Amino acid sequence: MDQLAISDYGFLSDCRSGALVGRDGSIDWWCPDRFDSPSVFGRLLDTEAGHWRLAPSAAGLPGHRVERAYVADTLVLRTVHHTPEGSVAVTDALAAEFGARGHQLGMNSPAVLLRVVEGLAGRVRMSLDFRPRPEYGLLTPYLHEQPDGGVLAAAGPVVLTLHAGGIPPLHAGGIPPHVDRDRVRQEFEVSAGQVVGFDVAYGQAYGTAPARLEPVAALAETVQAWQAYRESHHYDGRYPEQVRHSATVLTGLTYARSGAVAAALTTSLPERIGGDRNYDYRYSWLRDFAMTLRALWVAACPSEASRLFAWAARSIGRVGPDPVPVLFGLEGERDVSEHECAHLRGYGGSLPVRVGNDAWRQRQLDVPGEVVAAVWQLRDHLGEAFDTELREMVLGLAEQVAATWHLPDRGIWETRDTDRHYLTSKVLCWVALDRAVRLAPRLGDRADPRRWARIRDEIRAAVLRDGWHERTGAYGGAFGSPELDASVLLLPLVGFLPATDPRMRATIEAVERGLGAGDGLVRRWDTDPAGFLPCSFWLVECLVMAGELGRAEALFERLLGHANDIGLFSEQIDPRSGAQLGNTPQALSHIGLVSAAWRLTDPGTD
């Protein structure tokens with residue numbers, strides 16, 4: 001098969017896990033237990049790693065055309081196939097628990113994929129190909145026909161059941177399912193007005209059995225659950241459609257049981273096709289978590305801030321001398337050690353395919369600042385008296401920054417070579433102590449705002465002295481370095497320097513000129529092969545804060561054009577082809593959109 005483009009995939013979520021469904025009707029990625037569990041459909045990374053295709057038999061032939069869109073305010077995807085014989089809609093979703101409303105969404109998701117086929121015009125012949133491969137394609141399940149007409153697939157710890165039903169039932173001309181040794185195939189025809197539903201449910205071989213849902217009713221219930229969630233959240237700023245959709249994507253990347261936010265749905269989608277910078281992003285980074293909280297503060301509501309900060313505090317545990325971990329598993333697991341899946345060929349031949357992420361071992365000094373800044377921003381929703389764990393987390397982070405800010409680290413981009421004195425890391429250390437000083441009245445007797453303020457001012461002096469490079473006339477990526485780094489665009493955003501400061505203004509211009517990749521895209525560094533969308537949205541904010549609202553608006557609207565046809569952003573954009581690259585959908589890209597839209601709405605926002 002030809003490899004689908006990353007932008008050809010749509011995102012489904014039940015706030016427990018997620019799936020990717022291609023324009024060709026194939027679900028090529030699903031890790032059903034939770035976002036960071038092993039896949040049962042993994043064709044995204046290898047043609048032999050499992051899929052579930054449901055599409056017209058004529059799909060891909062002349063005369064076949066596809067239109068798709070999300071049902072309003074949901075992650076329920078409706079794809080319309082137009083063929084010479086007629087038109088048919090396939091609506092895909094990950095089922096919500098019956099009756100789940102508001103913040104109950106995802107708490108008890110049944111782990112069931114729903115696919116409902118609706119005849120729109122003419123008579124369309126459809127093909128189904130179900131080929132599960134648990135454990136990232138390592139296992140080929142046994143397939144067993146069931147008395148109720150379904151098929152059970154069992155291998156290792158995984159049990160899947162496939163069922164079908166219709167309104168009216170599949171007509172007599174349909175071909176019954178053909179159960180092969182390793183796949184299920186079926187062909188049937190759908191006429192205008194006919195509805196056929198399918199579901200695949202996940203269960204544990206020695207635990208919870210697969211749920212049994214009626215697909216059409218479960219789909220309607222899932223739409224209601226998502227729309228009820230969105231109705232309880234309001235946004236009154238500019239670009240409301242794009243912001244609401246990005247907020248929905250961020251909700252879809254949230255593991256509801258803990259509140260952790262996965263950085264992306266996928267692992268090992270490459271930053272460059274054929275390259276080796278392929279990482280697993282299915283975990284929760286404290287940096288992304290904090291930025292997500294701020295984005296949801298803008299686009300939705302922060303009513304669950306206490307629960308989400310409780311996840312962060314418990315995941316971190318008591319802060320000691322060791323570096324604060326930068327990422328965790330979705331239930332707070334610290335050790336997410338990395339290994340390679342040598343049996344997988346990788347997306348577009350890009351190797352290695354990685355599971356786990358060894359960045360958890362790194363020292364990244366910016367992380368405490370991100371977390372403490374989020375506490376400060378959401379302080380009014382956390383109560384005048386912080387609970388013990390939240391108070392101890394902020395105290396511990398402030399003290400660790402005070403003791404370690406002078407050390408080198410791996411930086412915001414998680415380099416895998418050597419530690420350096422990264423400028424943005426130092427600035428976020430300043431942020432941690434600056435916000436801790438402001439929060440001191442809520443931190444109890446152990447707060448030490450005078451000492452924190454003194455060290456904060458030392459950090460600021462060091463950044464202004466050692467971060468500026470006279471020859472380039474800009475702040476560099478690391479102390480003493482002339483190399484540009486787009487992360488310095490964060491300085492105005494966190495309140496370290498105004499965008500109108502002469503040196504900061506010169507730095508913004510240098511980044512735009514030296515790291516610009518065309519069409520509004522900004523690379524992270526000068527050898528970065530593609531434009532990095534979060535940095536591009538940071539540039540929008542900097543231009544607003546510098547008083548260049550017209551340029552900022554034009555840049556923002558160009559960046560919106562890099563979303564796929566259903567409004568999803570991956571991590572990066574190839575500046576030559578415009579193709580999406582990297583893991584998808586990428587939380588940080590959608591966070592950047594929300595923050596930039598709000599900055600355009602309220603240039604003076606904190």
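The values are calculated or read from the model by the stated rules, or taken from the named source; none is laboratory data. The structure presented is a predicted model; accordingly, all values stated were derived computationally and were not measured. No Cβ is skipped: glycine too gets one built from the backbone with ideal geometry, and neighbour counts run over all protein chains shown. Surface areas here come from the heavy atoms of the whole protein model, side chains and all, with no ligands, DNA or RNA. Shrake-Rupley method; radii C 1.70, N 1.55, O 1.52, S 1.80 Å.
Among residues that are in contact (Cβ under 8 Å) with a residue 24 or more places away in the chain and more than 21 Å from D366 (Cβ to Cβ), G477 is not included. The set of residues in region 197-227 that are farther than 29 Å from G119 by Cβ and among the aliphatic types (A, V, I, L, M) comprises A205, A209. Kindly indicate whether any position in region 80-97 is outside any strand (DSSP E or B), open to solvent by less than 10 Å² (accessible area, probe 1.4 Å), of a type in the set (D, E, K, R) and touching a residue at least 40 places away in the same chain (Cβ under 8 Å). No, region 80-97 has no match at all.
In this structure, is R307 modelled with pLDDT of 90 or more and among the charged types (D, E, K, R)? Answer is no for this residue. Just the residues that are small (G, A, S) and more than 33 Å from the chain's Cα centre (by Cα), please, taken from region 448-507. If the condition is that a residue be small (G, A, S) and more than 33 Å from the chain's Cα centre (by Cα), then A453, A461, A462, G473, G480 are the ones that fit.
Considering region 464-486, and only residues there that are assigned to a helix (DSSP H, G or I) and out of contact with any Leu (no Cβ under 8 Å at 6 or more places or on another chain), the residue that is farthest from F532 (Cα to Cα) turns out to be R465.
The number of residues in region 56-74 being closer than 13 Å to G86 by Cα and either of a type outside the set (K, R) or in contact (Cβ under 8 Å) with a residue 24 or more places away in the chain (or both) comes to 7.
Counting the residues of region 556-587 that are surrounded by 24 or more Cβ atoms within 10 Å (Cβ to Cβ) and out of contact with any Phe, Trp or Tyr (no Cβ under 8 Å at 6 or more places or on another chain) gives 6. For D73, indicate whether it is of a type in the set (D, E) and within 30 Å of A155 (Cα to Cα). Spelling it out, it is not the case that D73 is of a type in the set (D, E) and within 30 Å of A155 (Cα to Cα). Residues satisfying the criterion are absent from region 318-331 (criterion: assigned to a helix (DSSP H, G or I), β-branched (V, I, T) and open to solvent by less than 30 Å² (accessible area, probe 1.4 Å)). Which pairs turn up if I take residues in region 18-37 that are under 30 Å from H82 (Cβ atoms) and look for partners that are among the small types (G, A, S) and modelled with pLDDT under 95 with beta carbon separation below 7 Å, at least 6 apart in sequence or on another chain? Final answer for the pair search is D24/A59; D24/G60; G25/A59. A55 passes every criterion in (1) in contact with a Gly (Cβ under 6 Å, 6 or more places away or on another chain); (2) surrounded by fewer than 21 Cβ atoms within 10 Å (Cβ to Cβ); (3) small (G, A, S) apart from (2). Residues that are open to solvent by 50 Å² or more (accessible area, probe 1.4 Å) and touching a helix residue (DSSP H, G or I) at 6+ places or on another chain (Cβ under 6 Å) were ranked within region 499-555; the one that is farthest from G582 (Cα to Cα) is M545.
The criterion of at least 1 residues that are modelled with pLDDT of 95 or more and among the polar types (S, T, N, Q) is met by the following helices (runs of 4 or more DSSP H) wholly inside region 489-606: 502-514, 533-545, 587-601.
Taking into account only those residues within region 157-181 that are outside any strand (DSSP E or B) and either modelled with pLDDT of 90 or more or among the hydrophobic types (A, V, I, L, M, F, W, C) (or both), which is surrounded by the fewest Cβ atoms within 10 Å (Cβ to Cβ)? Filtering region 157-181 for residues that are outside any strand (DSSP E or B) and either modelled with pLDDT of 90 or more or among the hydrophobic types (A, V, I, L, M, F, W, C) (or both), the one surrounded by the fewest Cβ atoms within 10 Å (Cβ to Cβ) comes out as A172. Of all residues in region 589-606, exactly one satisfies the criterion of being in contact with an Asp or Glu (Cβ under 7 Å, 6 or more places away or on another chain), among the hydrophobic types (A, V, I, L, M, F, W, C) and buried (at least 24 other Cβ atoms within 10 Å of the Cβ), namely A596.
Residues in region 491-519 that are free of Cβ contacts under 8 Å to residues at least 40 places away in the same chain and more than 18 Å from G467 (Cβ to Cβ): E512, R513, G516.
A single member of S536, S577, S589, S595 is touching a Pro at 6+ places or on another chain (Cβ under 9 Å) and among the polar types (S, T, N, Q), and it is S589.
Consider region 391-444. How many of its residues are of a type in the set (K, R), touching a Phe, Trp or Tyr at 6+ places or on another chain (Cβ under 7 Å) and open to solvent by 10 Å² or more (accessible area, probe 1.4 Å)? So the answer is 3. Under 30 Å from L138 (Cβ atoms) and of a type in the set (A, V, I, L, M), is that true of A342? Yes: the conditions hold for A342. May I ask you to verify whether G119 is modelled with pLDDT of 95 or more, crowded, with 17+ Cβ neighbours inside 10 Å, over 16 Å from V184 (Cβ atoms) and within 27 Å of the chain's Cα centre (by Cα)? In short, no. Taken as a whole, region 253-276 holds at least one residue that is among the acidic types (D, E), farther than 21 Å from S306 by Cα and touching a residue at least 24 places away in the same chain (Cβ under 8 Å). The condition of being modelled with pLDDT of 95 or more, at negative phi, open to solvent by 20 Å² or more (accessible area, probe 1.4 Å) and not charged (D, E, K, R) holds for only one of V249, V223, that being V223.
Of the residues making up region 354-365, at least one is part of a loop (DSSP other than H, G, I, E, B) and at positive phi.
If you go through region 104-156 and pick out every residue that is aliphatic (A, V, I, L, M), under 17 Å from A220 (Cα atoms) and assigned to a loop (DSSP other than H, G, I, E, B), you end up with 2. Restricting S337, S350 to those that are open to solvent by 30 Å² or more (accessible area, probe 1.4 Å), of a type in the set (S, T, N, Q) and over 28 Å from A295 (Cβ atoms) reduces the list to S337.
Of the listed requirements (1) open to solvent by 10 Å² or more (accessible area, probe 1.4 Å); (2) under 27 Å from T83 (Cα atoms), G50 misses just one: (1).
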